[in-house]
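These notes concern the structure reproduced below.
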């Protein structure tokens, strides 16, 4: 047995739905002003089904502070939810429709009020069918229900049969229950403050297990976990894990969180823990039969976390050039998983190849026009880190140089120089730079000469060998 409830005047959003939950936990919201509930078994609490309908009507008339709606509602009881919805919307007061007598209640309703969306038919197709019925002279639910099934199927198709069953009150379906939005959040208040990481790890493991179970239930993953620690005297301490790819392994989360807590410990004892995450779709990947398996991303993330604890998080990642004129300026960027791009069409691939060829040809022309002969272009090999050098420059320019490290050495007389070229920048900051650069030819035995780039830091007067020309 189902009960349809219709508010006779506009209601605030979700107010009728919340009112219906006081009578049954199974509620379907058809519209803001229409709901249908499953009242099977509610007779044990409210008496007969008719007594339940009277209680719903009286409860709606109460004031809002007493749990009512302050308005009148129509209540219709029927054997299927679609009949209950139609009866509640178009029959005033309380209506009871016995099984098999649906047309007694709905037979005189015009076809214009048929709720075709209940059987999943789109509006254009429903309007087409209803217009055809009007041309046949069919105006009411009863006239439509009395048409022969074979004729309706031949002329109106399966959509016509669904609408005929809806008009006759013979549909059979389950309620479309409104599911609450999933919340991937877990918290706990501790009985006594915890100051040790080992004891706190058990709390983290419990909460992460609950969150990962919810993620698995909805086939989701997460790439960000936020932890709020409530400390003694009302203070708070926040931790955040930004993952390079979606995961949902609670063991990996626990290890990463413990490493982060060791690196950023709370200043005092913890009295409450709240963990939340941002759900995203999981990453799917499929390798070929002849492609070797890559390392597991979870193990890579744990390894990077352990290295970050030992060396510092700012020293782990991939180098990224900075948008500045400072020589060799870069920073360490966190590893980020890049999704593979979609395959391009043959026309796009051919167009891209043609553009690349044109770009290379133009670059070659420009280079030839600048240097004259492409063969005269020199390659430059950078020493990383640069070699600290001892340079004699009594006459104002380098005359002899000596530098070495574990893998290379540079020493000899300078037989040719070009420079200096002064480069400066960020003079308004504490880490500004200013240096003089030289290109020098150093005699290296057997009358061979090697070209090097050297520079002198003006702030300290220290000389360095930046690299060599091939």
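Some notes on this structure:
- For the pair residue 238 and residue 101, the difference between a 0.36 nm per residue extended length and the Cα-Cα distance amounts to 43.0 nm.
- Helix axis angle, 197-217 relative to the chain longest principal axis, alpha carbon, degrees: 50 degrees
- Exposure proxy order (Cβ contacts within 10 Å, fewest to most) of 424, 399: 424, 399
- Cβ crowding within 10 Å, taken as a proxy for footprinting-reagent exposure, orders 33, 112 from fewest neighbours to most as 112, 33.
- With the cut-off at under 14 Å, measuring from each backbone N in the stretch 415-430 to a point 7 Å along the Cα-to-Cβ line of residue 324 picks out 424-430.
- Inter-probe distance in nm under a simple model that places probes 7 Å from Cα toward Cβ, at residue 278 and residue 123: 3.6 nm
- Once Rg and the Kirkwood radius are both taken over the C-alpha atoms of the stretch 387-451, their ratio Rg/Rh works out to 1.07.
- Using alpha-carbon coordinates, inclination of helix 49-61 to the longest axis of the chain, degrees: 60 degrees
- Between residue 40 and residue 300, the C-beta separation translates, for a Förster distance of 35 Å, into a calculated FRET efficiency of about 0.05.
- Gyration tensor (alpha-carbon) shape descriptor, the stretch 182-230, a/c threshold 1.5: prolate
- The chain: C-alpha gyration tensor shape, a/c 1.5 cut-off, then a/b vs b/c: prolate
- Mean separation of Cα pairs under 8 Å and 6 or more residues apart, divided by the residue count, gives the stretch 2-168 a relative contact order of 19 percent.
- Note on residue 202/residue 249: beta-carbon distance plugged into 1/(1 + (r/R0)^6) with R0 of 22 Å gives a FRET efficiency of 0.75.
- Share, in percent, of DSSP beta bridges within the stretch 2-168 that are antiparallel, nearest 5: 85 percent
- To the nearest ten degrees, helix 250-263 and the longest principal axis of the Cα atoms of the chain are 50 degrees apart.
- Relative contact order for the chain, counting Cα pairs under 8 Å that sit 6 or more residues apart, in percent: 8 percent
- Relative contact order of the stretch 159-248, pairs being alpha-carbon contacts under 8 Å that are 6 or more residues apart, as %: 21 percent
- Sorted by Cβ density within 10 Å, fewest first, the residues 29, 51: 51, 29
- Contour minus Cα-Cα distance for residue 418 and residue 22 (0.36 nm per residue): 133.6 nm
- Rg/Rh ratio calculated on Cα atoms of the stretch 152-257 (Kirkwood radius): 1.35
Laboratory data are not the source of any read-out in this text; all were calculated from the coordinates shown. Worth saying up front: this structure is predicted, and the values here are computed from it rather than measured. Glycine gets a Cβ as well: all are built from the backbone with ideal geometry, and neighbour counts include every protein chain shown.
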